Amino acid sequence: MVDSGKIIKTFVISVLVCILLFLIYQTSSYYPRNSISEYYVLNKDSVEYKGSNKQNTEEELWVPDWYNHTDVGGVLHRRLQTVREKCTKYTGYRNQWKDKPRIKNANSGSIQYCYTAKAGSTFWNNLLQAVKKTSKTPAANRTVKLMTVRNPWHRLVSTYIHKFSTKWRSHAQNMCHKRFFKRPSFRKFVKDCVLSRWMIHEYNTHWLPAAERCGICTGELDFIVAVENMKDEAMYILKNSSVSSYEKIYNGIRQSTIRLNEKKKKSTNYQDYYKDLDEKDIEMLTELYSFDIYLFSYPESPFIFQVK
């Protein structure tokens, strides 16, 4: 005769073991991985990045390439040339992700935009749709190709603010593949979403390094637009693509896509979000975004302020 009590006891023990293993998996922050240097290889002229969890000093200021320059066309040209020159220092690149990042484009006919999430992608998608519908743009001989880039430290905070303020449970499940019992802090988001997924070579487009997208080193891009100077640079591209009424179109789309905190004229102190992170977390994020920092000359630490 089957001992039902023993069967129930075995079943309960099995369930408890499964729950324990699940909790261990869910709460673990880091997974063994190879160094990023195995995927990005630079020659001896490359730059090393050493991020640190420290407060800003007056000497630590980030000077963007567009700072104090009124020649927008010249800024865009020099930025593209600088990135191309830096790309020549690659001696090889192997995709580090389980799934190769897909390229997603928006097209107005004369302008093609390669998406970078949390770097003005919603704005550019809506802008090019409006250009396509309303502008009497003459047929172009060729399509201008562009992508946008953004300070990776700011972009990561923007992802957290946008995706983990409302409906955070569904975003957490989709982006982190985990269930949280309460809204995660930025520190937990970095550890349990960004770094833990990176450790197993998985990504989400909202924090995937911009350098991983758009074939950045293939020479196909005509412009690399900095979000921090997007109005001037977008206006230049629209004007030089012979888009009619480009200022009206730009301003209309800008108003319709502006975030709530911007409407309230609230500025985000990005540095505050990083103060609770361990130094190891900062170092790992610096490694993750090392080629955004290298290619686009962004600051090596979240505690370096932009010059005013």
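Observations, loosely collected:
- Among residues other than residue 234 with Cβ under 15 Å from its Cβ, the summed charge is +2 (Lys and Arg +1, Asp and Glu -1).
- With 5 Å bins from 0: P(r) over the range 158-250, alpha-carbon pairs, percent: 2, 11, 17, 14, 12, 12, 12, 10, 6, 2, 0
- Extension gain from residue 6 to residue 244, taking 0.36 nm per residue of separation minus the Cα-Cα distance: 77.7 nm
- Radius 12 Å from Cβ of residue 224, net charge of other residues (Lys, Arg +1; Asp, Glu -1): +2
- Surface accessible to a 1.4 Å probe, residue 300 within the full protein complex, Å²: 70 Å²
- Note on residue 279 and residue 179: the extension gain reaches 33.4 nm, defined as 0.36 nm multiplied by sequence separation minus the Cα-Cα distance.
- Förster radius 22 Å - calculated FRET efficiency between residue 88 and residue 65 (Cβ-Cβ, nearest 0.05): 0.75
- Cα gyration tensor, the range 220-300 - rounded (a/c under 1.5), prolate or oblate: oblate
- The label point for residue 272 and the one for residue 162, both projected 7 Å from the Cα toward the Cβ, are 2.1 nm apart.
The values are calculated or read from the model by the stated rules, or taken from the named source; none is laboratory data. If you're wondering where the values come from, they're calculated on a predicted model, not measured in any experiment. Neighbour counts are summed over all protein chains in view; Cβ atoms, including those assigned to glycine, are modelled from backbone coordinates with ideal geometry. What goes into the accessible areas is simple: the full protein's heavy atoms, side chains included, and nothing from ligands, DNA or RNA. Shrake-Rupley method; radii C 1.70, N 1.55, O 1.52, S 1.80 Å.
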